[in-house]
1. Which FRET efficiency value, to the nearest 0.05, is calculated for Arg138 and Thr72 with the Förster distance at 35 angstrom and r the Cβ-Cβ distance?
2. Starting from the Cα gyration tensor of the stretch 112-164, take the square roots of the eigenvalues, sort them a ≥ b ≥ c, and report rounded, prolate or oblate (rounded when a/c is under 1.5, otherwise prolate if a/b is larger than b/c, else oblate).
3. Based on the mean of other beta carbon atoms within 10 Å per residue, what is the order of 74-85, 52-63, most packed first?
4. In whole Å, what are the extents of the stretch 4-177 along the principal axes defined by its C-alpha atoms, from largest to smallest?
Amino acid sequence: MKLLQVSLLVAALSPMLSHAAHQFTLINRCTSAITPVIADTRCGYSPRCSDAASYTAAQPNRLAAGASQTVTIPSRWVGRIFAQNGRCGAKGESCSLTEFNLDSGDFFTPQSYDISNIQGFTQSLQINANGCETVTCRNVDCGCRSAYPPGDLSGCGNDSPVRACGAGDIAFSPAIAAPSPNLEARQVQPNQHGTIITFFFGSFLEPNFGLPPLSGNPPPPSTLTLPTVDGVVSGGKLYLAVVETANTCPPRNVPPQYALTKTSLVLQ
């Protein structure tokens with residue numbers, strides 16, 4: 001299970017320090033490595049623009065199991081932190097997110113943070129804050145009190161997933177966990193017919209023109225094991241399909257005579 005935790009430390013600061021920075025500690029509490037990403041949302045997903053700061057430092061390191069890293073975030077930053085699984089967009093599209101609005105922190109308007117699965121559910125998430133409320137979402141059905149659910153653009157009616165944490169330069173600690181430890185990833189995407197859950201079994205190299213497989217790169221397996229879907233699909237009908245997609249223009253590190261295929265299980 002992959003877990004990237006963000007924790008928060010609140011300190012009383014004098015007015016002259018009000019434009020310092022936040023310390024974010026990223027913690028991997030799982031058995032495999034993760035790639036955390038810090039993405040700005042100012043002037044885009046967030047309507048805040050001129051009064052919000054961008055993150056311009058280097059992206060965090062790839063975190064091994066049990067590892068952590070502390071990064072410095074601008075005082076008035078607005079953005080997201082998520083785990084890049086190879087299919088997330090540049091701003092975390094299609095993936096689970098932790099979201100932060102740190103440009104609003106004053107005596108009257110607390111800084112805020114939340115977990116969002118609106119664009120897709122891929123990881124369990126947690127945000128810790130010393131002296132403030134911890135918020136956790138461990139599955140796609142964790143509810144509006146914990147996170148924005150997939151496809152819900154209503155804001156849960158009252159923005160109940162959002163937490164507030166006073167003014168000042170707060171130190172956060174986010175955590176990300178993959179709910180499908182035996183699979184590469186899972187994505188949940190609602191559509192007009194219901195919810196599509198896709199399990200990715202991995203990428204495989206297949207030879208073109210009858211060539212043998214590359215050494216160390218076996219072809220796709222002849223059988224696939226159905227993952228546990230308890231708590232994922234409840235009620236109604238279940239439609240199942242195994243999908244293989246092929247890329248005939250391989251990445252730069254794949255010889256041109258080979259095709260890259262990805263095998264996935266699609267539930268609807």
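1. Numbers: r = 29 Å, r/R0 = 0.82.
Taking R0 as 35 Å, the efficiency between Arg138 and Thr72 is 0.75.
2. Working: a/c = 2.29, a/b = 1.33, b/c = 1.72.
Oblate shape, in that a/c is at least 1.5 and b/c is the bigger or equal ratio.
3. Working: 74-85: 23.3, 52-63: 14.8.
Listed from highest to lowest mean packing, they are 74-85, 52-63.
4. Principal-axis extents of the Cα atoms in the stretch 4-177, largest first: 41, 37, 29 Å.
Values in this text are rule-based calculations from the coordinates and carry no lab data. Everything numeric in this text was worked out from a predicted model, so none of it was measured. A quick note on method: Cβ atoms are made from the backbone with ideal geometry, for glycine too, and the neighbour counts reach across all protein chains shown.
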